[in-house]
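*Asks:* One structure is given below, represented as structure tokens, and several questions about it will come after.
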Amino acid sequence: MGNCVGNSSRRRSLDHSSNSSRARNQNSLPQNTIVVISEQQNSAQPRANRAQLQNSPEANQVQIDSTIYKATAKLENYPENPSIYFLDFLFSTRRNCRITIYYFAKDIFDPIQNTYYFYVDPEKYPPPESHYFEPGDRQHFSHLSPIEIGRFSDDELDFKDKKTFPVIIEMTPESETMPQILTSYFKICKSEDQYSLTCLRQKISINGVIHELKDLYGYKSEGLECSICLTEKKEMVVLPCNHACLCAACAEHLKADAKKLCPICRGPIRQILKLSEVSA
Ligand SMILES: [Zn+2]
Ligand SMILES: [Zn+2]
């Protein structure tokens, strides 16, 4: 059915098995994400699927099986050869998980198959590599997927064409009941001789339906109580500012309010969603 991120049929993929750390605490995924309905769905997406997205119950109920701590993503220099860099980041997964790294891939929509896939020009760029991990919390992806950064122009690294994503990290946890694919897109920023990664967007495909993943603000940092009544537990998030600040009752009052302004930033409220289980 519908769309899915990365149809494997047209990918070039080299499978290198890799070791992984033992399962530790499997329940503590990052608390700062929620699945929300995308505002930037590909315009090529058929109308039927857009409607399905908007009505999708998964939008605020799903449990995410694998996640990456995107702020930890960086490129590590290989000491023996200064032109080679390795991708380095922390991630958690509740299930066995395949992680595929694409360098300089385009996100292509195929209207005939009605699917998305990644295209990497094999003449210019390193082929995608997959690595396999067991369940575990805060695992370290390191010394894998080397890249010779100096071969690429600043414009390529900086995502100047808005089409060729410098780094795509695709996580596919093993699941028969609810297949998920988490895709994180990064650009590479260069300052002096240092390279850093900046996350451009994250998408999650759940049962073939794509959602945009966005950061959630103020959920843990500002205390757990609703910022209006200061007594009930926060369980609602305001869109588009993503402030997690309301209990269910105050959210209902706010929806009825003519002004409809976020209590934290005073920005306009377009929608109020219940926090997903992963954030709760
Ligand atoms: Zn309240
Ligand atoms: Zn706000």
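The values are calculated or read from the model by the stated rules, or taken from the named source; none is laboratory data. Bear in mind the structure is a predicted one, so any value in this text is a computation, not a measurement. Glycine gets a Cβ as well: all are built from the backbone with ideal geometry, and neighbour counts include every protein chain shown.
*Asks:* Anything in the range 151-168 that is aliphatic (A, V, I, L, M) and over 19 Å from the mean Cα position of the chain (by Cα)? List them, or say none.
*Replies:* Leu157
*Asks:* State yes or no: is Ile264 free of Cβ contacts under 8 Å to residues at least 60 places away in the same chain, among the aliphatic types (A, V, I, L, M) and more than 14 Å from ligand 1 (Cβ to nearest atom)?
*Replies:* Considered against the rule, which asks whether it is free of Cβ contacts under 8 Å to residues at least 60 places away in the same chain, among the aliphatic types (A, V, I, L, M) and more than 14 Å from ligand 1 (Cβ to nearest atom), Ile264 comes out as no.
*Asks:* Something else about it: Check Cys262 against each of (1) in contact with a Cys (Cβ under 8 Å, 6 or more places away or on another chain); (2) more than 20 Å from Ala71 (Cα to Cα); (3) at pLDDT below 90; (4) within 10 Å of ligand 2 (Cβ to nearest atom) and name the one condition it does not meet.
*Replies:* (3)
*Asks:* Condition first: at pLDDT below 90 and of a type in the set (Val, Ile, Thr). Now tell me which residues in the range 147-197 satisfy that.
*Replies:* Within the range 147-197, just Thr177 meets the criteria.
*Asks:* Hey, another quick one. Out of the range 130-144, which residues are modelled with pLDDT under 95 and under 20 Å from Ala105 (Cβ atoms)?
*Replies:* Of everything in the range 130-144, just one residue is modelled with pLDDT under 95 and under 20 Å from Ala105 (Cβ atoms), namely Leu144.
*Asks:* Could I ask something else about it? Check the range 189-198 and report whether any residue there is away from ligand 2 (no atom under 11 Å from the Cβ) and not assigned by TED's automatic domain parsing to the domain that holds Lys160.
*Replies:* No: zero hits.
*Asks:* Then there is this: If you check Leu230 against the conditions, is it closer than 30 Å to Tyr102 by Cα and of a type in the set (A, V, I, L, M, F, W, C)? Step through it out loud before you land on a result.
*Replies:* On the way: closer than 30 Å to Tyr102 by Cα: no; of a type in the set (A, V, I, L, M, F, W, C): yes.
So Leu230 does not fit the description; no.
*Asks:* Looking at the range 229-246, which of its residues are more than 19 Å from Arg266 (Cβ to Cβ) and at pLDDT 90 or above?
*Replies:* Matches in the range 229-246: Thr231, Glu232.
*Asks:* Please go through the range 124-171 and give me each residue that is within 13 Å of Phe89 (Cα to Cα) and of a type in the set (Phe, Trp, Tyr), ordered by number.
*Replies:* Of everything in the range 124-171, just one residue is within 13 Å of Phe89 (Cα to Cα) and of a type in the set (Phe, Trp, Tyr), namely Phe141.
*Asks:* Moving on to the next point. Only strands (runs of 3 or more DSSP E) wholly contained in the range 175-253 count here; list those with 2 or more residues that are more than 16 Å from ligand 1 (Cβ to nearest atom) and touching a helix residue (DSSP H, G or I) at 6+ places or on another chain (Cβ under 7 Å).
*Replies:* Result: 180-191, 194-206, 209-215.
*Asks:* To continue, here is another question. Is one or more of the residues making up the range 106-119 at pLDDT 95 or above, crowded, with 19+ Cβ neighbours inside 10 Å and under 20 Å from Leu200 (Cβ atoms)?
*Replies:* no
*Asks:* From Ile272, Ile210, grab the single residue that is among the β-branched types (Val, Ile, Thr), buried (at least 17 other Cβ atoms within 10 Å of the Cβ), within 29 Å of Leu182 (Cα to Cα) and in contact (Cβ under 8 Å) with a residue 60 or more places away in the chain.
*Replies:* Within the list Ile272, Ile210, the selection yields Ile210.
*Asks:* Let me ask something else about it. What single numbered condition from (1) closer than 30 Å to Phe118 by Cα; (2) free of Cβ contacts under 8 Å to residues at least 60 places away in the same chain; (3) within 16 Å of ligand 2 (Cβ to nearest atom) fails to hold for Asp215?
*Replies:* Evaluating Asp215 over (1) closer than 30 Å to Phe118 by Cα; (2) free of Cβ contacts under 8 Å to residues at least 60 places away in the same chain; (3) within 16 Å of ligand 2 (Cβ to nearest atom) leaves (2) as the failure.
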